[in-house]
Structure formats: structure tokens, C-alpha cells
């Protein structure tokens, strides 16, 4: 005879595994610092690529004017300004990424904790049969 409570719990667990569970289990396989560090590193690389693309578009938009003004400008000061802007953009993006991925990790761990608690509950239902 089927135990209705067991069937409901098994359906709930299967639904979790099919949807959010895949992502959360993948996140749960990492230590907190490893997961967040890896995600922030990927974000820094993405921000660097985006900064280079946007900066190149800015330079090439008025390339003729830029080439005429290059002899008049202080190149060392221009380089310092570009590096400062790069540091601000990438630093800000890294901080935001850290906050977002730390939140995602804690949310996934809480969800996995509930999932494993339900698995133990299901296991106890079978052992108490």
C-alpha cells in the first residue's frame, strides 16, 4: 500500500532535483571561498574584456581627432587616468560580484540544507516501515 506522505515528499524532492537542485548541488560542491573566488575571477576577466571593448570603441569613434590631439596631450597623465578608470570599473564590478555570489552561495546552502533534511526524513520513513 502506498504511503501518501512518502509519495508527496518524493515528488517534492524530485521536483527540486529537476529544477533548482541541479544548480544548487553544483554550488554546494564547492567551499564558500572557492566558489566566490572563482566567480569573482570570472567577473574580473569579463569586466576587463568589456572595458577594453568600450575603451576601443571610445577611441575609434573620433579616431582622427584623437590622433590630432595625441601630440598635444600628456600621455603619462592620459595613461594614469585610463588605469584609474579601469581600476574603479573593475574594482566596483568585483565588489558587486562578490556580494551577489556570496548571497547566491548562502541561498543555495540553505536550500540544500532543507533538501538533505527532507532526504533524511524520507529515509526514516522507509526505515520505520
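Throughout, read-outs are computed from the coordinates displayed, never taken from laboratory work. These numbers come from a predicted model, not from an experiment. Please note: Cβ atoms are built from the backbone with ideal geometry, for glycine as well, and neighbour counts cover all protein chains shown.
Ordered by the number of other Cβ atoms lying within 10 Å of each residue's own Cβ, fewest first, 44, 99 fall into the sequence 99, 44.
The ranking of 71, 35 from fewest to most other beta carbons within 10 Å of each one's beta carbon is 71, 35. Using Cα centres only, tell me the gap between the stretch 86-104 and the stretch 48-83 in whole Å. Taking the Cα centre of the stretch 48-83 as reference, the centre of the stretch 86-104 is 25 Å away.
Against the chain, whose longest principal axis comes from its Cα atoms, helix 32-61 is set at around 30 degrees. Of the residues 116, 98, 61, the one that moves most in a GNM of the chain with alpha-carbon contacts below 10 Å is 61. Computed from Cα atoms, the angle from the helix 75-127 axis to the main principal axis of the chain rounds to 0 degrees.
Taken along the Cα-to-beta-carbon direction at a fixed 7 Å, the label points for residue 110 and residue 38 span 2.3 nm. Against the chain, whose longest principal axis comes from its Cα atoms, helix 4-16 is set at around 20 degrees. When Rg and the Kirkwood radius Rh are both evaluated on Cα atoms of the chain, their ratio Rg/Rh stands at 1.34. The label point for residue 117 and the one for residue 81, both projected 7 Å from the Cα toward the Cβ, are 5.7 nm apart. Cβ crowding within 10 Å ranks 11, 48 as 11, 48, fewest other Cβ atoms first.
Springs between Cα atoms under 10 Å define the GNM used for the chain, and in it the highest mean-square fluctuation of 75, 119, 41 occurs at 75.
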